[in-house]
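Chemist: The structure that follows is given in the form of structure tokens.
The values are calculated or read from the model by the stated rules, or taken from the named source; none is laboratory data. Predicted, not measured: the structure shown is a model, and the values here were computed from it. Ideal geometry is used to build each Cβ from the backbone, glycine not excepted, and the neighbour counts take in all protein chains shown. Ligands, DNA and RNA are excluded from the accessible area calculation, which covers all protein heavy atoms including side chains. Shrake-Rupley method; radii C 1.70, N 1.55, O 1.52, S 1.80 Å.
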Amino acid sequence: MLRLMLLRHAKSSWADADLSDSERPLNGRGRKAAPAMGLYMADKDLVPELILCSPAVRARTTLALAARAFPREIETRFIDDLYDFGDGDAIIDVVKAVIGAPSPLLVVGHNPSLAGAALSLGRPNLSPVRSRVAAKYPTAALLVLDFAIGTWAALAPGTGEMVSFTTPRDLGV
């Protein structure tokens, strides 16, 4: 059994129009949501063994703020292909390519790629979790998927069980 967690970066700031998209920082709301999500993850034993993160400032900062709540330092890889806004295939390809990656695995990235990957990987059923993901994947939201596979290379569409979907609003943030 392998567990994949998909964390969307927290709310970013558009205050400085001169910054490139990849350089946008978090806004105040994002700076509150990211640590709250980290505390939630630590409390619910959702601490990853490996983190794959987009190199964008907003994703890196989200991770840094969330990871403060983790009980130990976790290996993190910043992967250019996760700075993606497509249908989710790039995320799936990155995860499948990480040979020998442990579980749980956390991916920190962007929408609509995260929602696309989630809906592609999750079983096509009418579960309440899937319905929430399909309706909206807000900033700093965390989806947990479980797979009955032995290696990430075996990841396939429609095989993941959507275990939980938590948003900052669920945490009162």
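Chemist: Going residue by residue through segment 75-84, is there one that turns out to be without any contact (Cβ under 8 Å) to a residue 60 or more places away in the chain, in a loop (DSSP other than H, G, I, E, B), in contact with a His (Cβ under 8 Å, 6 or more places away or on another chain) and open to solvent by 20 Å² or more (accessible area, probe 1.4 Å)?
Modeler: First, pick out the residues of segment 75-84 that are without any contact (Cβ under 8 Å) to a residue 60 or more places away in the chain: 75-82, 84.
Filter once more, keeping what is in a loop (DSSP other than H, G, I, E, B): 75, 79, 84.
From the residues that got through so far, the ones that are in contact with a His (Cβ under 8 Å, 6 or more places away or on another chain) too are 84.
This time we only want the ones that are open to solvent by 20 Å² or more (accessible area, probe 1.4 Å), so: 84.
Among the residues of segment 75-84, at least one is without any contact (Cβ under 8 Å) to a residue 60 or more places away in the chain, in a loop (DSSP other than H, G, I, E, B), in contact with a His (Cβ under 8 Å, 6 or more places away or on another chain) and open to solvent by 20 Å² or more (accessible area, probe 1.4 Å), which makes the answer yes.
Chemist: Quick check, is ALA90 buried (at least 17 other Cβ atoms within 10 Å of the Cβ) and either modelled with pLDDT under 95 or among the β-branched types (Val, Ile, Thr) (or both)?
Modeler: Numbers: buried (at least 17 other Cβ atoms within 10 Å of the Cβ): yes; either modelled with pLDDT under 95 or among the β-branched types (Val, Ile, Thr) (or both): no.
Spelling it out, it is not the case that ALA90 is buried (at least 17 other Cβ atoms within 10 Å of the Cβ) and either modelled with pLDDT under 95 or among the β-branched types (Val, Ile, Thr) (or both).
Chemist: Out of PRO102, PRO124, which single residue is open to solvent by 30 Å² or more (accessible area, probe 1.4 Å), assigned to a loop (DSSP other than H, G, I, E, B), touching a strand residue (DSSP E or B) at 6+ places or on another chain (Cβ under 8 Å) and modelled with pLDDT under 95?
Modeler: Numbers: PRO124 fails: touching a strand residue (DSSP E or B) at 6+ places or on another chain (Cβ under 8 Å).
Exactly one of PRO102, PRO124 is open to solvent by 30 Å² or more (accessible area, probe 1.4 Å), assigned to a loop (DSSP other than H, G, I, E, B), touching a strand residue (DSSP E or B) at 6+ places or on another chain (Cβ under 8 Å) and modelled with pLDDT under 95, namely PRO102.
Chemist: Which is under 14 Å from the mean Cα position of the chain (by Cα) and aliphatic (A, V, I, L, M), of VAL173, VAL144, VAL129?
Modeler: Working: VAL173 fails: under 14 Å from the mean Cα position of the chain (by Cα); VAL129 fails: under 14 Å from the mean Cα position of the chain (by Cα).
Result of the check over VAL173, VAL144, VAL129: VAL144.
Chemist: Another question, if that's okay. Working carefully through the options GLY158, GLY116, GLY150, find the one that is of a type outside the set (A, V, I, L, M, F, W, C), modelled with pLDDT of 95 or more and assigned to a loop (DSSP other than H, G, I, E, B).
Modeler: Only one candidate passes the filter, namely GLY158.
Chemist: Which residue pairs have Cβ atoms under 6 Å apart, sit 6 or more places apart or on different chains, and have a first residue in segment 36-54 that is in contact (Cβ under 8 Å) with a residue 24 or more places away in the chain and a second that is among the acidic types (Asp, Glu)?
Modeler: If the second residue must be among the acidic types (Asp, Glu), the pairs left are LEU50/GLU75.
Chemist: Please determine, by comparing only the residues of segment 134-171 that are small (Gly, Ala, Ser) and open to solvent by less than 10 Å² (accessible area, probe 1.4 Å), which one is farthest from LEU52 (Cα to Cα). Steps first, please.
Modeler: Initial filter on segment 134-171 (small (Gly, Ala, Ser)): 134-135, 140-141, 148, 150, 153-154, 156, 158, 160, 164.
Still in the running and open to solvent by less than 10 Å² (accessible area, probe 1.4 Å): 140-141, 160.
Working: ALA140: 15, ALA141: 16, GLY160: 19 Å.
Within segment 134-171, the match that is farthest from LEU52 (Cα to Cα) is GLY160.
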